[in-house]
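For reference, the structure discussed in these notes is given below.
The values are calculated or read from the model by the stated rules, or taken from the named source; none is laboratory data. Note that this is a predicted model, so its numbers are computed, not measured. Here Cβ is always computed from backbone atoms with ideal geometry, including for glycine, and neighbour counts include all displayed protein chains. Please note that ligands, DNA and RNA were not included when accessible areas were found on the heavy atoms of the full protein model with its side chains. Shrake-Rupley method; radii C 1.70, N 1.55, O 1.52, S 1.80 Å.
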Amino acid sequence: MKKWIKRILGVALVFLGLFVGWVAFGMFAKDHGGQLPFSTNGFGEALLLLAKDYSAYIQNVCGPDDDGHLYWAALTNHTVLPENQCTRVYIQGLSEENDPQICILFDRDSHKGGDHQRSPWGHPLREVCLVDGSMRIIPDETWPEFSRKQVDLLVAAGFARTNALGYYPAARE
């Protein structure tokens with residue numbers, strides 16, 4: 001198969017996976033008065049609320065190399081899922097009414113070639129999902145700039161700057 005065809009298919013898979021994940025967020029919001037999942041125990045627990053209601057979508061909130069086993073174990077054993085064990089970071093406390101360019105879910109770590117186009121020679125990338133359901137791929141070289149913009153958007157949405165920076169430490173660079 002030609003390289004460009006593989007690249008297009010890979011990018012389509014990235015967006016399809018995150019889009020399907022966004023569908024679960026959309027269904028959750030519809031069932032909960034427009035609010036996206038939230039837990040005072042952290043975003044790992046908020047993602048478990050989503051996984052509990054829409055378990056078919058667990059894989060879509062998992063990042064690269066994550067098969068979802070921690071979500072399944074936490075659901076089965078009724079235990080907490082700590083944020084530091086989540087492979088994607090979820091910005092909780094938002095609704096469908098927030099600025100559509102706010103990122104709600106992103107890969108905790110970048111990977112060469114991204115999640116679906118991994119290769120030893122690829123550029124390090126992160127996949128992100130925005131409030132409006134759109135997906136973007138952010139190269140590492142622009143991640144600090146993206147992070148700073150996201151912090152500003154979260155502050156404008158009512159988040160304390162220190163909390164927003166907690167999601168995006170790269171914004172301090």
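At-a-glance table
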read-out	value
Hey, Leu70 under 21 Å from Gly93 (Cβ atoms) and either modelled with pLDDT of 85 or more or open to solvent by less than 80 Å² (accessible area, probe 1.4 Å) (or both) or not	no
Some residue of region 79-98 being acidic (Asp, Glu) and farther than 14 Å from Leu47 by Cα	yes
Lone qualifier among Ala56, Ala46 - being among the small types (Gly, Ala, Ser), within 18 Å of Phe106 (Cβ to Cβ) and assigned to a helix (DSSP H, G or I)	Ala46
